[in-house]
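What follows is a set of notes on a single structure, which appears directly below.
Every read-out reported here was derived from the displayed coordinates using simple, explicitly stated rules and does not represent laboratory data. It should be emphasised that the depicted structure is a prediction, and the values quoted were computed from it without experimental measurement. FYI the Cβ positions are ideal-geometry reconstructions off the backbone, even for glycines, and counts take in every protein chain you see.
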Amino acid sequence: MALRLNSKEMNKENMRPESLMMSYGYKPELSEGAVKVPIFNTSTFVFKTAEEGKANMELAYGLRDKNEGEELGLIYSRINNPNLEIVENRLGLWDKADDCAVFESGMSAISTVLLEFLKPGDLLLYSSPVYGGTDHFIHHFLPTIGVECVAFTAHDSKEAIIKKVIDTGKQDKLKLIYLETPANPTNDIIDIEMCSKIAAHFSADAHKTYVAVDNTYMGPLWSHPLQVGADMVLYSATKYIGGHSDLIAGAVSGHTEVMQRIKVLRTFLGNMASPNTCWLILRSLETLKIRMDQQTKNAQEVAIFLNNHPRVKKVFYLGLIKKGTHEYEIYKKQYTAPGAMISFTIKGGEKEAFGFLNKLKLMKLAVSLGSTESLAQHPAAMTHIGVDPESRQKMGITDNLVRLSIGIENVEDLIGDIGQALA
């Protein structure tokens, strides 16, 4: 489209994503010289000719493949919009993705992927634990449309996972492996490359098994699942990508084959992000690396403080994984930083956990994560309250577990606040 720069004008291979966030995909001269992308609040777009309209609609409905050098033109804001296209162009740079799709929420991104790649009679293999909303969709919606779901954990070997699939008797129906790594809220990490090999094991000429990775905990900065075997990577863009607790959005990035399918379904579900939301994400992408660098720097100091505190039983944080372990090997292969999400168990139970949360002064007691402000919450009573209690215990989501999302405040003030609340 007219607002998208071609590779000759700006070669993204020669610049880092944090530099391209300021200008990639946008020509100021096409918008009265505005240095920032305007908000395109329009429902529809004018075709130059009827032939152009037909060609664009064929692409939008997935009726044909693009010709060499052809781009989908602007049609209707449910299908595409300048704000939507530019934010997708920029967001996809972080993961070196062929394409990206932005949605009105993280759950709409997750549900669209699950609906596109799973049909009645199919099998879903997924890592446990996952975010509470994802868990609910897997356990309460997918079975109603005839999709069987089987879980595995970070402690299961490749052979054990393959056996789990075979034991269902539906190994020829395994269509999707869905991972959340690091897991919310335990920070368990799953070997993406191993899961890619499992997918290849069960793929056949008649069907391919795809690998989808929810990378929300690591944003698009600290991990790049597409580079280690995933077919698509999902985000709640509300979190680090949005980063300011003022928008709701989701995103999927991936290879051309899968993204074409996802975008066609999004067209008919109508769950794309609005121009206003896309504009806010564009604003946020400009400071993404600066924010996330500071957040992980703060989190590493907070984790050390918690790990040495007498009232803390155990800290779950990637930066504390012991060297020489298999888990550490996976961590070094998949992640460039330990992130800014910390969970810990406090000595005691729910009463002690609630007591800690109620005494916080600087940190806010709220669900969500990845924003500039630090947040604290109680997974068992909040984000994962809909998970079966027995399953919660098996997952390690206990009554004394607290989850922290570390922001960009002064780290000494954060530690001081946590210290006084623990005292």
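So the values come out like this:
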quantity: For the stretch 117-201, average projected area of the Cα convex hull in nm²; calculated: 5.1
quantity: 0 to 90° range, to nearest 10: angle between helix 275-285 axis and the chain longest Cα axis; calculated: 60
quantity: The stretch 122-237 - charge dipole about Cα centre, Lys and Arg +1 at Cβ, Asp and Glu -1, debye rounded to 20; calculated: 160
quantity: Tail weight of P(r) past 23 Å, computed on alpha-carbon pairs of the stretch 275-423, percent; calculated: 40
quantity: In degrees, nearest ten, helix 82-94 long axis to first principal axis of the chain (Cα); calculated: 50
quantity: GNM flexibility winner over the chain from 50, 109, 299 (Cα, springs under 10 Å); calculated: 50
quantity: Stokes-Einstein D in µm²/s, Kirkwood radius over Cα pairs - the chain at 25 °C with 0.890 mPa s viscosity; calculated: 109
quantity: In the stretch 325-423, chymotrypsin sites (Phe, Trp or Tyr not before Pro) in a DSSP loop with at most 15 other beta-carbon atoms within 10 Å; calculated: none
quantity: Using alpha-carbon coordinates, inclination of helix 288-307 to the longest axis of the chain, degrees; calculated: 10
quantity: Debye, to nearest 20: dipole size of the chain, +1 on Lys, Arg Cβ, -1 on Asp, Glu Cβ; calculated: 660
quantity: For the stretch 12-108, convex hull of alpha carbons as volume per residue, Å³; calculated: 144
quantity: Furthest towards positive pole of dipole, 183, 137, 207, structure part the stretch 122-237, Cβ charges; calculated: 207
quantity: For the chain, share of DSSP beta bridges that run antiparallel, in % to the nearest 5; calculated: 55
quantity: Loop chymotrypsin sites (Phe, Trp or Tyr not before Pro), the stretch 59-111, which have at most 14 other Cβ atoms in a 10 Å radius of their Cβ (DSSP); calculated: 61
